[in-house]
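Any read-out appearing in this document is the output of simple, stated calculations on the displayed coordinates, not a laboratory observation. These numbers were taken from a predicted model, which means no experiment stands behind them. Positions of Cβ are generated from backbone atoms using ideal geometry, with glycine treated the same way; all protein chains shown enter the neighbour counts.
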Ligand code: ADP
Ligand code: MG
């Protein structure tokens, strides 16, 4: 699908995305820069992506009329969130190339299938997931209570729909486990052993229809209350041996899935007594990821550029990071002062710091925990970037 082209019927080359959030918005920006028209399917009239797209199809993700319109408008379609109904992607795939596929999104949206995939890949990727057990029935709960004391203390996670630490309960005892499962509604869950994390990191991989694969160096992520707070993307962010292992593992996981598009694989670094620490694969997102936002400002091709290239069948540029970077997520909290009053962050002060790149997503109402934007700091050297990031964090309170 050539950027800027027009077909015999006079329709311009258009790329479609399911979902109107900030990931869709940054995807739309990247597609438009390359000369594509864009279409966003999203029920909300004022969504971050819908506001900046050429076309906004305001419909539910399972509305046949909306999906037909999207397929008619676009030459290729992607998704910006993994909880899109699998049937939606299957329906669209009958009409247009869809990347990533319904099958791999189906795996990524279910922790049970995701962990099974990681386990199958472990021989090749060299990295396993945390010890876990599946709990879908009261019998399985009882069996785990009796036989899997090794998983406690652990984290009970719903198999579906979890994000930003939602749908998770930490449990220490078999009694707490039973209560937690009830609290989560008795839905399909996995109980995962609580690991002694020393760090977390993620790797972005892009793979084309022809199997071409490129990847970014791993970034180190700091979560607060289950939500990404800071991403460190610079030399020295983690031991080089570990970085190489993570990158290789992520690539092999993407290849094993026959993945097309951008995939983010999240890892835990655990204290296993070794010098660099051990690597454990946590989960994967079948899309660009919050931890890859620094690529917009610190690399010569961003994760969103790669998503556009992959889905449109263009060659994938091997991304080169030209600056060290730190990304600070801007959650709704930033718009409130200590006494809970609404405030406007001091952008002039933040933006007068060298190397700051502000991205706001166009969301009007700030709420606690809501991702409103991010700030990436780049610079010529790591020490300088760290200093500016600290100053920015203080200003953002
Ligand atoms: P989400 O889909 O909400 O991102 P995750 O499985 O990534 O769910 O969990 C969110 C965060 O909780 C992780 O980034 C990590 O900080 C912590 N966490 C999750 N699982 C474990 C575990 N097995 N051991 C220790 N910490 C964990
Ligand atoms: Mg996660």
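Spin-label pair residue 255-residue 55: with each label point 7 Å from Cα along the Cα-Cβ axis, the two points sit 3.7 nm from one another. Extending 7 Å from Cα along the Cβ direction at residue 300 and again at residue 46 yields two label points whose distance is 4.2 nm. Order these by the 10 Å Cβ neighbour count, fewest first: 267, 81, 37. So the residues, fewest neighbours to most, are 81, 37, 267. Look at the alpha carbon pairs under 8 Å that are at least 6 residues apart: their mean separation over the length of the chain gives a relative contact order of 13 percent.
Adding -39500 (n - 2.57) for every DSSP H run of four residues or longer, then dividing by how many residues the chain holds, sets the calculated 222 nm ellipticity at -9500 deg cm²/dmol.
A Förster radius of 30 Å combined with the Cβ-Cβ distance from residue 160 to residue 212 puts the calculated FRET efficiency at roughly 0.40. Three semi-axes describe the equivalent ellipsoid of the chain; taken as square roots of 5 times the Cα gyration tensor eigenvalues and ordered largest first, they are 32, 27, 22 Å. By the count of other C-beta atoms within 10 Å, a proxy for reagent exposure, 161, 284, 372 are ordered fewest to most as 161, 372, 284. A convex hull fitted to the Cα coordinates of region 75-209 yields 136 cubic angstrom per residue.
Extending 7 Å from Cα along the Cβ direction at residue 223 and again at residue 387 yields two label points whose distance is 3.3 nm. For region 1-81, what relative contact order do you get, as a whole percent, if you take Cα pairs closer than 8 Å and at least 6 residues apart? Relative contact order here is 35 percent.
Annotation: the residues 42, 266, 235, sorted from fewest to most other C-beta atoms within 10 Å of their own C-beta, follow the order 235, 266, 42. Normalised by the number of residues in region 65-116, the average gap of Cα pairs under 8 Å and 6 or more apart makes the relative contact order 35 percent. Normalised by residue number, the volume inside the convex hull of the Cα atoms of region 131-193 is 67 Å³ per residue. Does a label point 7 Å from the Cα of residue 87, set along Cα-to-beta-carbon, have any residues of region 153-172 with amide nitrogen under 12 Å, and which are they? It comes to no residues whatsoever.
For region 14-98, dividing the convex hull volume of the Cα atoms by the residue count gives 71 Å³ per residue. Every pair of different Cα atoms in region 1-157 enters the Kirkwood calculation, which places the hydrodynamic radius at 17.8 Å.
For the pair region 1-79 and region 218-240, the centres of their Cα atoms are 31 angstrom apart.
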